[in-house]
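Q: One structure coming up, written as structure tokens, with questions to follow.
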Amino acid sequence: MRQRSPGSVTHAAGWLFADLLLVITVIALGGQWIAPTAAELATGEPSPAPSASAARSPSATPATATAQPGLDPNSEDFDVTGDAPGLLAGRAEAVRGIRQEVAEGIRAHPGKTAALVIVWGTAASCDTCPVTDDASRAYARAIAALLPSVSRTFFPPFHEEIIRGYRNTSGDRARGQATIELFFLRE
């Protein structure tokens, strides 16, 4: 039986390192993406590459970085507190109370329109019941469904992908409290 020489393991490790370096290089080069210019977006054709002399010219103006349109990742939020069992039962006074608190909360954002809304609810199914995931989720979804009726110009039409209700059972919120998180379009 033939014995391996001590250099064979080192040799294999060297080739493994070289292969890994090649893979990382390919991934890094393939991951570089340049945003299309306005002209490219309008025509659907790539812009001609600048000539080498224009690229070296000191009078050539650098491209200014502008924010891409889309959803602003920074959100704004406000809290509302209401009668969760009453809202879940559809009582008019509970619905009216939530609508009034939401109307007060959106006054801080004049002229804006929410593009995405997340409601985090904390609730119980009755006044003396403990806070549960199901009641908190149902409360948040009930508030989410009410939002467009408060202001049709501020909130988008209700659709579960745009206005979502989630439970908040973190323990740092009072029973019947909901946080309404607003995401706006980047201008």
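The values are calculated or read from the model by the stated rules, or taken from the named source; none is laboratory data. The structure displayed is predicted, hence computed values, not measured ones. Every residue, glycine among them, receives a Cβ derived from its backbone with ideal geometry; neighbour counts consider all protein chains shown. Note: areas computed on protein heavy atoms with side chains; ligands, DNA, RNA excluded. Shrake-Rupley method; radii C 1.70, N 1.55, O 1.52, S 1.80 Å.
Q: Looking at the structure I just gave you, is residue 39 within 32 Å of the chain's Cα centre (by Cα), modelled with pLDDT under 60 and either in a helix (DSSP H, G or I) or exposed (fewer than 10 other Cβ atoms within 10 Å of the Cβ) (or both)?
A: no
Q: Still on this model: Mind listing just one residue for me: the one in region 133-157 that is more than 18 Å from residue 179 (Cβ to Cβ) and not hydroxyl-bearing (Ser, Thr, Tyr) and, of those, farthest from the chain's Cα centre (by Cα)?
A: Selected residue: 134.
Q: So, one more: Touching a helix residue (DSSP H, G or I) at 6+ places or on another chain (Cβ under 8 Å), open to solvent by 60 Å² or more (accessible area, probe 1.4 Å) and among the aromatic types (Phe, Trp, Tyr): which single residue out of 78, 158 fits that description?
A: Going through 78, 158 in turn, just one is touching a helix residue (DSSP H, G or I) at 6+ places or on another chain (Cβ under 8 Å), open to solvent by 60 Å² or more (accessible area, probe 1.4 Å) and among the aromatic types (Phe, Trp, Tyr): 158.
Q: Name the residue, out of 169, 122, 132, 179, that is closer than 18 Å to residue 77 by Cβ, open to solvent by less than 80 Å² (accessible area, probe 1.4 Å), out of contact with any Gly (no Cβ under 6 Å at 6 or more places or on another chain) and modelled with pLDDT under 90. So that I can check it myself, show each step before the final result.
A: Working: 122 fails: modelled with pLDDT under 90; 132 fails: closer than 18 Å to residue 77 by Cβ; 179 fails: modelled with pLDDT under 90.
Selected residue: 169, the only one of 169, 122, 132, 179 that is closer than 18 Å to residue 77 by Cβ, open to solvent by less than 80 Å² (accessible area, probe 1.4 Å), out of contact with any Gly (no Cβ under 6 Å at 6 or more places or on another chain) and modelled with pLDDT under 90.
Q: I would also like to ask the following. Considering only region 104-119, how many residues are surrounded by 13 or more Cβ atoms within 10 Å (Cβ to Cβ) and more than 17 Å from the chain's Cα centre (by Cα)?
A: Step one: list which residues in region 104-119 are surrounded by 13 or more Cβ atoms within 10 Å (Cβ to Cβ), which gives 105-106, 109, 112-119.
Narrowing further to those that are more than 17 Å from the chain's Cα centre (by Cα): 105-106, 109, 112.
Of the residues in region 104-119, 4 are surrounded by 13 or more Cβ atoms within 10 Å (Cβ to Cβ) and more than 17 Å from the chain's Cα centre (by Cα).
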